[in-house]
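See structure below.
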Amino acid sequence: MTYHLPAGKARTGPYLVDVTPGTAGWGYSSLRVLELPPGGTHTFDTGDSEWIVLPLSGGCTVTADDDFGHDAFDLTGRTSVFDGVSDFAYVPRDARTTVTSAGGGRFALTGARCTRRLPARHGPAADVPVELRGTGTCSRQVNNFGAAGVFECDKLIAVEVLTPGGNWSSFPPHKHDEHRPGEESVLEEIYYFEFAAHDGTPGLGYQRVSPSGPGRDTDVLAEVRDGDVVLIPDGWHGPSMAVPGHHMYYLNVMAGPGAERAWLICDHPDHAWIRDTWPDQPVDPRLPLYTAPERSA
């Protein structure tokens with residue numbers, strides 16, 4: 001199994017990235033990245049999965065049609081993932097969905113196989129909690145747009161992480177590949193990367209995944225660049241390292257078989273102590289790179 005998919009490796013049809021349970025060899029998590037020209041439109045059937053449509057650059061209109069009616073959501077979007085929090089649209093399973101963009105752009109479709117059918121909804125950017133996690137060189141920003149406990153889904157968990165150049169995120173390394181009630185949940189995970197360029201020079205970073213035990217042999221040390229994907233069916237994942245001078249962005253998509261939709265993790269025992277050092281250090285002053293917009297009155 002190839003766990004690091006360089007840009008273009010997972011491209012099919014209209015999608016720059018098309019990772020499905022079938023191509024990943026697992027049961028739940030999906031990610032598509034759709035690029036549309038100005039005036040472009042794309043229609044897909046959600047099938048047995050729920051989806052969140054998240055603008056990476058540009059804005060769009062998302063419509064969902066099914067036996068329950070017609071829903072339409074205008075997404076303002078953003079210039080890039082480094083410029084602001086985006087609004088998003090949730091579309092349920094068993095619906096025909098259309099994404100249309102007057103100005104063109106790139107749009108992430110984060111998906112998860114599910115059984116419950118929830119209503120289509122708009123997620124305002126102002127409602128996205130922006131979290132600063134870690135301190136010192138472990139400082140990073142998390143946009144919890146589709147986190148458990150923040151936005152209701154059946155199985156899907158999705159967040160964005162922004163790591164300033166030179167910092168390490170997804171650290172200490174952690175895992176979620178065992179069912180231990182109240183302590184750890186089983187979640188398949190997809191990382192999708194983008195980087196801030198400097199004077200026209202593209203950015204890059206590194207991603208580590210190491211085996212977490214017998215029968216769990218995922219082992220990755222990858223140089224990652226714009227559009228790359230790393231699949232994590234199991235294992236200790238982290239650090240995600242942003243090279244100096246280039247901010248790193250990654251989109252995390254997670255889903256699993258548990259009855260409870262929860263992100264419960266176990267830190268690597270060799271590195272868990274690093275959390276104890278955080279209270280003694282300041283958060284990187286470059287963070288937050290941006291905040292969610294104010295709610296309108």
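The values are calculated or read from the model by the stated rules, or taken from the named source; none is laboratory data. This structure is a prediction, so every number in the text was calculated from the model and none was measured. We place every Cβ from the backbone using ideal geometry, glycine too, and count neighbours over all the protein chains shown.
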field: Residue list for the range 137-172, filter: out of contact with any Lys or Arg (no Cβ under 6 Å at 6 or more places or on another chain), assigned to a loop (DSSP other than H, G, I, E, B), surrounded by fewer than 20 Cβ atoms within 10 Å (Cβ to Cβ) and not hydrophobic (A, V, I, L, M, F, W, C)
entry: 149, 152, 165, 166
- request: Tell me which residues, restricted to the range 189-200, are in a loop (DSSP other than H, G, I, E, B) and either without any contact (Cβ under 8 Å) to a residue 12 or more places away in the chain or crowded, with 16+ Cβ neighbours inside 10 Å (or both).
  value: 196, 199, 200
task: Find all pairs meeting these conditions: Cβ atoms under 9 angstrom apart; at least six residues apart or on different chains; first residue within the range 270-297 and more than 20 Å from residue 84 (Cβ to Cβ); second residue among the polar types (S, T, N, Q) and not in a loop (DSSP other than H, G, I, E, B).
output: 281/137
- prompt: Out of (1) in contact (Cβ under 8 Å) with a residue 40 or more places away in the chain; (2) touching a Phe, Trp or Tyr at 6+ places or on another chain (Cβ under 7 Å); (3) assigned to a strand (DSSP E or B), the odd one out for residue 57 is which?
  reply: (2)
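Each row is one residue, and each column tells you yes or no for (1) among the charged types (D, E, K, R); (2) within 19 Å of the chain's Cα centre (by Cα).
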site	(1), (2)
237	no, yes
251	no, yes
256	no, yes
262	no, yes
266	no, no
275	yes, no
278	no, no
288	no, yes
- request: Please determine, by comparing only the residues of the range 201-233 that are of a type in the set (Gly, Ala, Ser), more than 20 Å from residue 24 (Cα to Cα) and at pLDDT 95 or above, which one is surrounded by the most Cβ atoms within 10 Å (Cβ to Cβ).
  value: 205
task: Give the residue, chosen from 67, 18, that is over 15 Å from residue 90 (Cβ atoms) and at pLDDT below 95.
output: 67
statement: Checked the range 69-98 for anything in contact with a Ser or Thr (Cβ under 9 Å, 6 or more places away or on another chain), of a type outside the set (A, V, I, L, M, F, W, C) and closer than 20 Å to residue 144 by Cβ; matches are 76, 77, 78, 80, 83, 84, 86, 87
task: Just need a number here: residues in the range 251-292 that are in a loop (DSSP other than H, G, I, E, B) and touching a strand residue (DSSP E or B) at 6+ places or on another chain (Cβ under 7 Å).
output: 12
statement: All conditions in (1) within 26 Å of residue 114 (Cα to Cα); (2) surrounded by 17 or more Cβ atoms within 10 Å (Cβ to Cβ) are true of residue 238 except (1)
task: Check whether at least one residue in the range 148-167 is more than 17 Å from the chain's Cα centre (by Cα) and either β-branched (Val, Ile, Thr) or closer than 28 Å to residue 28 by Cβ (or both), and report yes or no.
output: no
query: Which of (1) more than 22 Å from residue 293 (Cβ to Cβ); (2) part of a strand (DSSP E or B); (3) without any contact (Cβ under 8 Å) to a residue 12 or more places away in the chain is the odd one out, the single condition residue 72 does not satisfy?
result: (1)
field: Residue, surrounded by the most Cβ atoms within 10 Å (Cβ to Cβ), within the range 11-56, restricted to residues that are touching a Leu at 6+ places or on another chain (Cβ under 7 Å) and of a type in the set (Phe, Trp, Tyr)
entry: 51
query: Which of the residues spanning the range 101-136 are of a type in the set (S, T, N, Q) and surrounded by 15 or more Cβ atoms within 10 Å (Cβ to Cβ)?
result: 101, 110, 135
- request: Please go through the range 266-289 and pick out each residue that is closer than 13 Å to residue 171 by Cβ, surrounded by 14 or more Cβ atoms within 10 Å (Cβ to Cβ) and aliphatic (A, V, I, L, M).
  value: 274
task: Taking the options 103, 84, 27, 47, name whichever one is outside any strand (DSSP E or B), modelled with pLDDT of 95 or more and in contact with a helix residue (DSSP H, G or I) (Cβ under 6 Å, 6 or more places away or on another chain).
output: 27
